[in-house]
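The values are calculated or read from the model by the stated rules, or taken from the named source; none is laboratory data. On a predicted model such as this, the values are computed, not experimentally measured, just so you know. Heads up, the Cβs are rebuilt from the backbone with ideal geometry, glycines too, and the neighbour counts pull from every protein chain shown. To get the accessible areas, we keep the full protein, side chains included, count just its heavy atoms, and leave off ligands, DNA and RNA. Shrake-Rupley method; radii C 1.70, N 1.55, O 1.52, S 1.80 Å.
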Amino acid sequence: MRELSSLAEMRAWSRSERSRRHTIGFVPTMGYLHKGHVRLVDRARELADRVVVSIFVNPLQFGPHEDLARYPRDLPRDRTLAAEHDVDCLFVPDAAAMYPAEPLVRAVPGPVADTLEGTARPGHFTGVLTVVTKLFHIVEPDVAVFGRKDFQQAMLVKRLVKDLDFPVTLDIAPTVRELDGLAVSSRNSYLTADERRSALVLSRALRALEQAWRGGEADPTRLQRVGLEAMHAPGVIPEYCALIDEELQPVPRVTAHTVAVVAARIGKTRLLDNVVLGEGVGADPRVTP
Ligand code: AMP
């Protein structure tokens, strides 16, 4: 496995692979790799000849009072995991290389980025789309794999690619869950044992929504209430529950294609989850931690 930190070397590696007629699959991450990331790597391997994983904790997508400084990092462990999963190139740029100066020009999404996560994290998606734009220009992938776990992010990256004509195919992989339903996340490492138990309210709320919808309820306001109520538990602050379509718009009637998205604060940790109602949480892949 190659490990590169220079932007120019990364681009040169990709171009040299492409000159040998190898296609390039790309998985951008913030590191502290887990089985959700591994699923994206395996998917990239199915779709391309070479797999690049980037690890970069992007300061631009963190607000001033967020967890940038304490975001979990373990490069030696990530390196081992990436090598074990046949990653061809690990790209680990540092912040000074990515942002030699405060960027004056950024990839600013439309108003849908100010809803849901964007309400709680102003400017977050501008940071995400700016770094994704830069990474796409540096890695020049044929295909990039993102997780459905961060649904709003995946849909905004889809629109970035479509609206700005990036020559890359996107693949959105399902949410990998632990056996009890909790969506795997690097931020789960913040949780105490009690908080870990409380965190199950998110997947439980999605299941409650699924059940109510299967029972015939199609009114988004009533379903939203079901989701929010299911997240009420000691130590949990429910943040939102919304029923939206792939364009991130609230739906007038809930159908099998509607996506239920939830967010809650468990102690100091914000967690997200979502489900396509017609597919159900039960359809997502499960792993042991
Ligand atoms: P992160 O390192 O948290 O920025 O995530 C990097 C990529 O992995 C993003 O596309 C995430 O949506 C994806 N991802 C994170 N957790 C999961 C999960 N549990 N299942 C599937 N994909 C995930």
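In straight-distance terms, cross-link reach from LYS35 covers every one of the lysines whose alpha-carbon lies under 18 Å from its own, apart from those fewer than eight places away in the same chain; here that gives LYS149. P(r) for the stretch 68-216, from all Cα pairs and a bin width of 10 Å, is 8, 28, 39, 20, 4, 0 %, short bins first.
Structure remark: mean-square fluctuation, Gaussian network model of the chain, C-alpha springs under 10 Å; the largest value among PRO28, PRO64, PRO93 belongs to PRO64. Over the chain, accessible surface divided per residue gives 47 Å², non-protein components excluded, 1.4 Å probe.
Taking only the Cα atoms of the chain, the ratio Rg/Rh comes out at 0.96, with Rh defined as the Kirkwood radius.
Residues whose amide H lies under 5 Å from that of TYR32, counting only those 5 or more places away or on a different chain, are ASP74; hydrogens are built 1.01 Å from N in the peptide plane.
Using bins of 10 Å that start at zero, the share of Cα-Cα pairs per bin across the stretch 181-269 amounts to 18, 47, 27, 8, in whole %.
What the phi angles of the stretch 278-285 give under the Karplus curve with 6.51, -1.76 and 1.60, with θ = phi - 60°, is a coupling list of x, 9, x, 4, x, 7, 6, x Hz, glycine and proline written as x.
Working note: Karplus 6.51/-1.76/1.60 with θ = phi - 60° gives the stretch 17-26 the couplings 5, 5, 5, 8, 6, 9, 7, 10, x, 10 Hz, where Gly and Pro are set to x. Cα centroids of the stretch 209-283 and the stretch 104-171: 23 Å apart.
Which longest run of the chain has no exposed loop site in it, a site being GluC sites (Glu not before Pro) in a DSSP loop with at most 15 other beta carbons within 10 Å, and the site itself not part of the run?
67-216
Comparing VAL201, VAL112, VAL51 in a Gaussian network model of the chain, where Cα atoms under 10 Å apart are tied by springs, the biggest mean-square fluctuation is seen for VAL112. Per-residue Karplus couplings for the stretch 166-179, computed as 6.51 cos²θ - 1.76 cosθ + 1.60 with θ equal to phi - 60°, are listed in order as 6, x, 9, 9, 9, 10, 10, 8, x, 6, 8, 10, 6, 4 Hz, Gly and Pro entered as x. Shown for the chain: the carbon plus sulfur share of the solvent-accessible area, taken with all protein chains present and a 1.4 angstrom probe, equals 53%. In the chain, the DSSP beta bridges split such that about 45 percent are antiparallel, to the nearest 5. Residues whose amide H falls under 5 Å from that of ALA173, counting only those 5 or more places apart or on a different chain, are PHE146, GLY147, ARG148, with hydrogens built in the peptide plane. Less than 5 angstrom separates the built amide H of SER54 from those of VAL27, THR29, PHE91, all sequence-distant by 5 or more or on a different chain. Segment LEU228..ASP74, full-extension length gain: 52.0 nm, with 0.36 nm per residue of separation and the alpha-carbon distance subtracted.
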